[in-house]
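Have a look at the structure below, then the notes.
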Amino acid sequence: VKYSEGKGWHDAKITARKPLTLDPAASVLHYAQEIFEGMKAYRTEGGGIATFRPEENAKRFRASAERMAMADLPQEIFMQAVDELVKIDQDWVPAGEGKSLYLRPFMIATEVFLGVKPASEYLFIVIACPVGAYFGSGCVSVWVSEDYTRAAPGGTGAAKCGGNYAASLVAQRDSKTHGCDQVLFLDSREQRFIEEMGGMNVMFLRDDNTLVTPPLTGTILPGITRDAILQLARDRGLKVEQTPLEIDEIFAGAASGRYKEAFACGTAAVISPIGSLRRTGGEALFGDGKTAGEVSMGLKKALTEIQAGKTNDAHGWIHAIT
Ligand code: PMP
């Protein structure tokens, strides 16, 4: 779907996948006005296909567009584009545990100019690709970055824009150099509080049956999985706290047994248990560092069973497509 000022959204179409033609002065190539979403279509119990809370992706997309001074995309267009594509690609929605059709809605600025100002022309596209589980079974190890931060107050941390990820790649590469699977970012002011991971939010289980996660203060992405898990945790009688978490407290608490479990969560990662956090001069193990925590796995089961249509969708999160 195309947008131009004055004309609004127009020319919606579905075509076979092919390369895009862009003018070399298309503003996205220079000023990075680009936003995206990540979502999945699941095959449900009865053989149908459904997405998970797509309205939330549409809302977050609009919020990202607002932050990046891009055109507003009405929720109906977002929803319709995703639904139509999934319908056409329904044979590509795989069945089986951890499998889904990954959907990538995105918007780029296509106006041709060099100069720093918001563009007046945009293109919204959705592409799809079948995927399996993001991480294998077992726990992930996480490198705590003290050299790079992901977002600063007043920055774009709460928007899903490509630039955030471009800036985080070097830290992700660092985590591999240190033998870890993923990176954990700290706040940019003091490097003291936990923020989030490269493409996931992070949560910890405290020994007073409380699930704790950093609050949404504008520097982290408001994860839709994060929100669902907090709700499922409450449903299961856990206490939930969204509160600033000091990295030193987590390291000390992992050693003392106060923090028993940790996991990363997101559309791609679902719930991935964290076995260890590592930083210069130290390591924090959750449990034995290898075994997924019981509560984390219980929450994962609850979430994936809703997504696969195996249990009652008490919160109305499932959006049936076929
Ligand atoms: N944080 C970041 C930086 C991410 O890229 C993602 C994935 N979209 C998340 C958190 C989790 O968000 P969601 O649960 O909506 O996928």
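A short reminder: the numbers here are calculations on the coordinates, not readings from a lab. All values derive from a computational prediction rather than experimental measurement. When we count neighbours, we look across all protein chains shown, and the Cβ atoms used for this are built from the backbone with ideal geometry, even at glycine.
Things worth noting here:
- Residue-averaged [θ]222 nm for the chain, counting only DSSP H segments that reach four residues, each worth -39500 (n - 2.57): -8000 deg cm²/dmol
- Quotient of Cα Rg and 2.2 N^0.38 Å for the chain, N being how many residues it contains: 1.02
- Shape call, the stretch 88-206: gyration tensor on alpha carbons, a/c limit 1.5: oblate
- Ranking of 31, 259 by count of other Cβ atoms within 10 Å, fewest first: 31, 259
- In a reduced charge model with +1 at each Lys and Arg Cβ and -1 at each Asp and Glu Cβ, the stretch 140-307 shows a dipole moment near 320 debye about its Cα centre.
- Counted over the chain, the DSSP beta bridges are approximately 80% antiparallel.
- Whole-Å distance, taken between Cα centres, linking the stretch 183-211 and the stretch 140-173: 13
- Here the Gaussian network model covers the chain, with springs between Cα atoms less than 10 Å apart; of 176, 13, 260, 13 fluctuates the most.
- Neighbours of residue 70 by Cβ distance under 10 Å: Lys/Arg scored +1, Asp/Glu scored -1, total -1.
- Listed residue pairs exceeding 32 Å between alpha carbons, taken from 59/260; 2/176; 99/160; 117/300; 2/40; 13/40: 59/260; 2/176; 117/300
- For residue 126, net neighbour charge (Lys/Arg +1, Asp/Glu -1) across residues whose Cβ lies under 13 Å away: +1
- Cα principal axis extents for the stretch 34-139, largest first, Å: 50, 33, 22
- Net charge contributed by nearby residues that have their C-beta within less than 10 Å of residue 270 (K/R +1, D/E -1): +2
- Cα convex hull volume per residue for the stretch 211-322 (Å³): 128
- Enclosed volume per residue, in Å³, of the convex hull spanned by Cα atoms of the stretch 140-307: 102
- Normalised contact order of the chain, rounded percent, pairs of Cα under 8 Å and 6 or more residues apart: 19
- Helix 247-256 and the longest principal axis of the C-alpha atoms of the chain enclose an angle of approximately 40°.
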